[in-house]
Structure formats: C-alpha cells, structure tokens
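What follows is a single structure, written as structure tokens, with notes after it.
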Amino acid sequence: MRNRIDIVRDIITYDRNFKNLDDELSQYPWDLPEPIIEITASDIIRILYKAITGKITFKELEDWANLIECRDDFSFQNEGLEEIIFQLANPTLNNEIDKGSLISLASKLESQL
C-alpha cells in the first residue's frame, strides 16, 4: 500500500488513473487532525487547463473537486480556492461547468499569481 502523502499528491496533479487514486485513498480514514498537503492556485490552474484542453472531461474535473472537497487531507492556500473547489464539485448548485467558464476561472486565478 502506498503512503497517504504520495496518493494525495497524485490526486492534486491528476497524473494517474483517478479511480485508482480514489480507491487507494479510501483505504485511509477520513478524519485527520490536520491537513497533509496544501492546494495552491497553480494546482487548480493546472487541472483547469487539463479540462479546457480535453485531457480530462468536465465530469472528471467535478469528481476530482468532489474528492478534494470531502477530505481532511487537503488545505487551501486561501479561502477563495476552497470556494472554487466547492463550485467545481457542485455544478448543479452553482454554474454548470463549460469550457468558457473554466477559461474565465483560470484567467482570474492567473491574474492573482
């Protein structure tokens, strides 16, 4: 079994089969006393561009955000990033995910770097 930190790093970068990563992480308890990795604006921008360019589907982006939103493994560089993850994980409550909205979101994040 791989260690937890390697799994959460791979989740952030989405460089492996996501279903396998989800399964691997599910072998660990949900609750942690503190997060073990911080998600940055650059991390989110990288994933947004994977969806914009078709390397992952909008549904895969939603699933990625949903996993991050539900786990204590992750902290966020700022509250705005946590809100973005919430929006991406819950498109039926917020705005549906489409290429235009992702481009706009990526541009906004890039302007804050």
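Could you tell me which trypsin sites (Lys or Arg not before Pro) in segment 1-53 are loop residues by DSSP with no more than 16 other beta carbons within 10 angstrom of their beta carbon?
R2, R16
Please work out how much length the chain gains when fully extended from D72 to E38, using 0.36 nm per residue of separation minus the C-alpha to C-alpha distance, in nm with one decimal.
11.2 nm
Can you figure out the FRET efficiency of K59 with E82, using R₀ = 30 Å and their beta-carbon distance, to the nearest 0.05?
0.90
Does anything in segment 27-71 have its amide N under 19 Å from the 7 Å Cα→Cβ label point of S107, and if so which residues?
42, 44-54
Taking amide H atoms as placed 1.01 Å from N in the peptide plane, list the residues 5 or more away in sequence, or in a different chain, whose amide H sits under 5 Å from that of F76.
Residues meeting the criterion, in which the H sits 1.01 Å from N, are I39.
Using DSSP to define loop residues, name the GluC sites (Glu not before Pro) in segment 26-113 whose beta-carbon has at most 12 other beta-carbon atoms within 10 Å.
E96
Only the coordinates and a few stated rules stand behind these numbers; no lab work does. The shown structure was predicted, so the numbers you read here are calculated from the model rather than taken from an experiment. Virtual Cβ from ideal backbone geometry, glycine too; neighbours counted across all protein chains shown.
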